[in-house]
Amino acid sequence: MNRRPNPETAAIAVTEPPLPTLAPPAAPARTSAQHMSFLAHARYVITDNPVTGIAFGMFLVIAFCAIFGPWIAPHDPLASNTGSALQAPSLRHWFGTDQLGRDILSRVIVATRLDLAIAVFSVALVFVLGGLSGVAAGFFGGWTDRIVGRVADTIMAFPLFVLAMGIVAALGNTVTNIVIATAIINFPLYVRVARAEANVRREAGFVQAARLSGNGEYRILLTQILPNVMPIMVVQMSLTMGYAILNAAGLSFIGLGVRPPTPEWGIMVAEGAAFIVSGEWWIAFFPGLALMLAVFCFNLLGDGLRDIVDPQRRT
Amino acid sequence: MLRQIGKRFATAIPSVIGVIIVTFLLTRVLPGDTAAYFAGPAATPQAIEEIRKTLGLDRPLPEQFVRYVKDLGRGDFGKSLTTGQPVITDIAQRLPASAELTLLGLIISILIAVPLGILAAVKQGSLIDHACRVVATAGVSLPVFFTGLILVYVFYFILGWSPAPLGRLDIYYSTPPHVTGFYLIDSLIAGDPGTFRAALSQLILPAVTLAIFSLAPITRMTRASMLAVLSSDFVRTARASGLSPRRVIVTYAFRNAMLPVVTTLGMVFSFLLGANVLVEKVFAWPGIGSYAIEALIASDFAPIQGFVLTMAILYVLLNLMIDMLYGVIDPRVRLEG
Amino acid sequence: MNRREFLKSTTAIAATSAVSAPAILSSASAQARNETLLVIREEGPNNFDIHGVGTNRPGYEVSWNCYDRLMSHGVKKTADGGETYDRDTFTPELAEEWTKGDMSMTFKLRKNATFHDGTPITAKDVKWSFDRAVTVGGFPTFQMKAGSLEKPEQFVAVDDYTFRVDFIRKDHLTVPDLAVVVPGVYHSELVKKNATEKDPWGLEYTKTNTPGGGAYKVTRFQAGTEVVYERHDNWKSGKLPAIKRIIWRVVPSAGNRRALIERGDADLSFDMPNKDFAELKQAGKLQMVSSPVGNAMWYLGMNCKNPPFNNVKVRQAVAYAIPYEKIMDAVMYGVANPLYGAKSNTVSNVSWPQPHGYSADIAKAKALLAEAGMSNGFETTLSFNLGEAVISEPLCILVQESLAQIGIKATINKITGANFRNELLKKELPMIVNVFGGWLDYPEYFFFWCYHGQNAVFNTMSYQDKAMDALIDGARKAAAEGDRAAYEKDVKGFIDKAFAEVPRIPLVQPYLNVAMQKNVAGYRYWFHRQLDYRTLTKA
């Protein structure tokens, strides 16, 4: 057995690599009794760990902004007003105004939806693609495993951010392509996690039992393996959400992001970067802060979720 | 041993081939026409067509690919349009800059992250543990370009503590004689403390930016691995036999916990080397990352291909090195893994 | 072995084996600051030779300072006390004197001028260099042609120090074209020695070498990072420059460039963004010089080939819907000349660029759009070059917002630099924001490239009109023959027509901004918009 922890997971700096697998494989499908304890455990984790609690609160705020953003923004995020350009934060404009006199607070709030959407869709996409191929690779082994493994290896061998840049540059800079690029560079990570999880359950008792009762392999994959792999994948999703947001922002920063004048945090930081030296720090600062808080929130939340879903790996 | 290394290499070959093919295809789909660039601002469509022919861009893709691979075989990575130099020269010139920056960033990160991780593990569940987690997570949540900008503003522009973000060396210093390409090492070899100080002061801000970003994976790995070791039998035995906690942690637990951390370090290094493109852009650092960005923005194929290929090969080599290192530290681990 | 050391040492070994460049300089102590001028710019050269393929603009600066031309321009004072080149006077450079005949021009070269390596410069070097310029194709050949310099037979080395240019037709742009960057004089023997069969003009060699006789030579170059020049101490084609050593550092971030010049770490920052310029000028700590860029404009181009912009009413409607004042304030920070808001679209003089009669008037725009039968508006795209994003992007956002008021829904489309030129060539983008400037500062030159039915790449609107062509050709002919009255009539005619039919809407004339420390003097604006080091001094 390879005692090395999964290095690729570590390489995606955001996530914590799984421990060297000293513990026995995780438990099979939960019974209803375990379900009860699961809820209790969730409550325990949230109340016991103040950090997770705070992260959860932050998440609610972010979700609220994403859903109701356009209604709660005090100004029109797109309306320019060159008469009041580059104003420092004030009572009228809490976060100040940018070069064209647009209200930064409104832009930051409205941008939440787009940034979150990019993250959610890219993570969902890679969850389906990476998760399914990973589970199949782990469950069937053999050629499936080899092919999926090779594809993942090849992607890993790329400098990931540059690969994302290349994909967006080649396909054109639209939101869809940013989502695709972000999904592709996260692919190996999901494959590995799903593969490992499926692999340890391949010969587990409950799978054997299903086989004996005459279920086909595909059926077992869908009804037995997948539900069991799900929880750990959900944790993975929460952890990579933050990375997805950072990645999209990075693309925007070098000019490959969404189209102007759509507000987006990364592009706002990039636009504001040129103004920092001349003292107009607020243009880049507030979107940067929002970006940081959102990523921070998802990372902490991912940790918390892991504690809930996978107590045995709890650290 | 040699045979094992060879075997390990063989398994990496398909990835490298995959990288070559994907990069080639990706760069061909990139918008932007090399021929139009060459033809200059006043070119007619006919002139561009002629240039396309001389560059071989009118040939079918498979034929172009074969030619590209043949050139690669001869060590010819093509020429950059933006710098006008052969790509291999550019990369050789810039790689030490990136490597030095990344390595220093990693060292700073280790100096902070490893003690932090140990502390968190030893005081598991305490306020310190939570604080460590928050600090590390906050670091990784900061977009590197944002951190870099803020650091430049505060430490160079407002406080004036740091020198101008103008690349590797203040212009009034000349580069130390070339030995390793790492200015810090070269200036020490040349016995020139002035240049050493100048190079170091240029390095600090970008290195700190990278360090902040890489804090999280190292802290987490250290903490996780320490926890696993601390609950293991031999540590319990050591504790039971009355050794001081300090001794137990430092000589018993720490040594053993370092194994997975080493792997993480290698991976973080290779990840950072590719990910510091944004840091290099902010600090005008003449490394391979900023080189790749500029090339991509200008639709300059050859440097992108060269950069990606270099990174892929580095990645494979680094992996191999870590495997070997791992084998050295822990003889129970065999290479075939 | 310590793990950290292991990693470090192995990486170091890998790096050493890959690089085998020689040590460039001994690590002696820091250079004295007062004989050196530190220039910072956004970009560096990709080729030292303007004759090369794909040479970028910073490369023109190297060519300008490292090669001599036969003649140069005189100087004149500007209103604010600065200096600019004088379009109408020509001064000796490599040629001491010349005589202009009806169909030829004869130059007497300096007898004491030498190349950097000490070889005397002779007429055969001039002939070889001019032959090269008209033969290699691409930009140099195109630029030579703009002055009717087309064939090697036109250039004659009469003796070692006498050189003659024969005209193939009368063209009043021939003389100015001999003073642009392209016809520099190259060390023919040295270049030939480094030429190959595949590359008979030695373009590969001149890419990273400066085999010329100009006032400076490049002694160190790291692509994308720095260029270091040393003075040619034996330079005879003008007053020996004061600065011995020029260091040109490439600093991509505008914020960093501003910080560097503001804190006194750089001597001269070339081509500053308008906002930084306006603010630093107000702060008053630095010398700030800003010159309008001759024959240049930011404009909005509309594709006249395809609907809806093939309808002149639609184009006029757009011209009335542009928020000119907002652009001037928020995008240009007031550092530009307005090209809008004149009393009418009929001009009274031949200066170019000059303001047109449109101004922001949404009611008028709506009415025109209704007349065109499109009162409900339409959807289109507005494209710009990502490389010019500092100005283009906010400009496009303002235009987009304003167009929405008359029902035109424009999607903004960013195009990366290399691809933008490609798209311009295809001439299919419906609407673009772009900047264009011609070296030779004459209106008929601008119109020949930008409005003529030959449909050159700079005619980004694909505007084709027989009457327009006749006016442009008429002006060119009148200029060559020196018929002032006919010239003025035609020039006014084509400007009026361009304003009435607005295939391109001129927005503003840009400025070239330079910031210098107070101890730097001698800056001069040049038509090529690059820095001339030769007149600079540092106290």
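Here the range B:95-336 is assigned +1 on the Cβ of each Lys and Arg and -1 on the Cβ of each Asp and Glu. Its dipole about the Cα centre then comes out at about 1100 debye. Straight Cα distances below 29 angstrom link residue C:538 to the lysines C:76, C:77, C:217, C:236, C:239, C:244, C:275, C:281, C:285, C:518, with same-chain residues fewer than 8 positions distant left out.
Farthest towards the positive end of the charge dipole of the protein assembly as shown, among the residues C:475, B:16, C:70, is the Cα of B:16, using unit charges on the Cβ of Lys, Arg, Asp and Glu. Accessible area per residue was computed with a 1.4 Å probe on protein heavy atoms; residue B:26 scores about 40 Å². For the protein assembly as shown, the per residue solvent-accessible surface stands at 38 Å², with DNA, RNA and ligands left out and a 1.4 Å probe.
The contact between chain C and chain B removes approximately 5500 Å² from the accessible area (both sides summed; 1.4 Å probe; ligands, DNA and RNA excluded).
Ordered from highest to lowest accessible area with the whole protein assembly present and a 1.4 Å probe, A:104, B:108 read as B:108, A:104. For the chain pair A and B, the buried solvent-accessible surface (1.4 Å probe, both sides summed) amounts to about 5300 Å². Taking the charge dipole of the protein assembly as shown about its Cα centre, with +1 at Lys and Arg Cβ atoms and -1 at Asp and Glu Cβ atoms, the residue from C:148, A:54, A:245 reaching farthest to the positive side is A:54.
Ordering B:287, B:200, B:131 by the projection of their Cα atoms onto the charge dipole of the range B:95-336, which places +1 on the Cβ of Lys and Arg and -1 on the Cβ of Asp and Glu, puts B:131 at the extreme positive end.
Of the solvent-accessible surface of the protein assembly as shown, computed with a 1.4 Å probe over protein heavy atoms with every protein chain present, carbon and sulfur atoms account for 60 percent. Just in the range C:94-170: which GluC sites (Glu not before Pro) are loop by DSSP and have at most 14 other Cβ atoms within 10 Å? Answer by residue number: C:150.
In whole percents, the pair-distance distribution calculated for the protein assembly as shown from its alpha-carbon pairs, binned every 20 Å from zero, is 11, 38, 34, 14, 3, 0. The range C:163-203 and the range B:161-185 have Cα centres spaced 40 Å apart. Using Cβ point charges alone (K and R +1, D and E -1), the dipole size of the protein assembly as shown about the Cα centre works out to roughly 2780 debye.
Rounded to the nearest 100, the interface formed by chains C and A buries 1800 square angstrom of accessible surface, both chains summed, with a 1.4 Å probe.
For the range C:87-124, the set of trypsin sites (Lys or Arg not before Pro) satisfying both a DSSP loop assignment and a count of at most 13 other C-beta atoms within 10 Å is given as C:111. Helix content alone sets the calculated 222 nm mean residue ellipticity of the protein assembly as shown: runs of n ≥ 4 DSSP H residues at -39500 (n - 2.57) each, divided across all residues, give -17000 deg cm²/dmol. Loop-located trypsin sites (Lys or Arg not before Pro) in the range A:75-154 (DSSP state other than H, G, I, E, B) with a sparse environment of at most 16 neighbouring Cβ atoms within 10 Å: A:92.
With 24 Å as the limit, the listed pairs C:100/C:466; C:207/C:414; C:313/C:427; C:313/C:477 have C:100/C:466; C:207/C:414; C:313/C:477 beyond it between alpha carbons. In whole angstrom, how far apart do the alpha carbon centroids of the range A:179-212 and the range B:78-118 sit? Spelled out, the Cα-based centre of one part sits 35 Å from the other.
Taken about its Cα centre, chain C carries a charge dipole of about 840 debye when Lys and Arg each add +1 at the Cβ and Asp and Glu each add -1 at the Cβ. Rounded, prolate or oblate: which fits the range C:330-406, taking a ≥ b ≥ c as square roots of the Cα gyration tensor eigenvalues, rounded meaning a/c under 1.5, else prolate when a/b beats b/c? Since a/c reaches 1.5 but b/c is at least a/b, the shape of the range C:330-406 is classed as oblate. With Cα atoms defining each centre, the range A:95-132 and the range A:276-293 are spaced 16 Å apart in the structure.
The values are calculated or read from the model by the stated rules, or taken from the named source; none is laboratory data. What you see is a predicted model, and the numbers here were worked out from it, not measured in a lab. Counting neighbours? That spans all protein chains shown, and the Cβs are built from the backbone with ideal geometry, glycine included. Heavy atoms of the whole protein, side chains included, go into the accessibility calculation; ligands, DNA and RNA do not. Shrake-Rupley method; radii C 1.70, N 1.55, O 1.52, S 1.80 Å.
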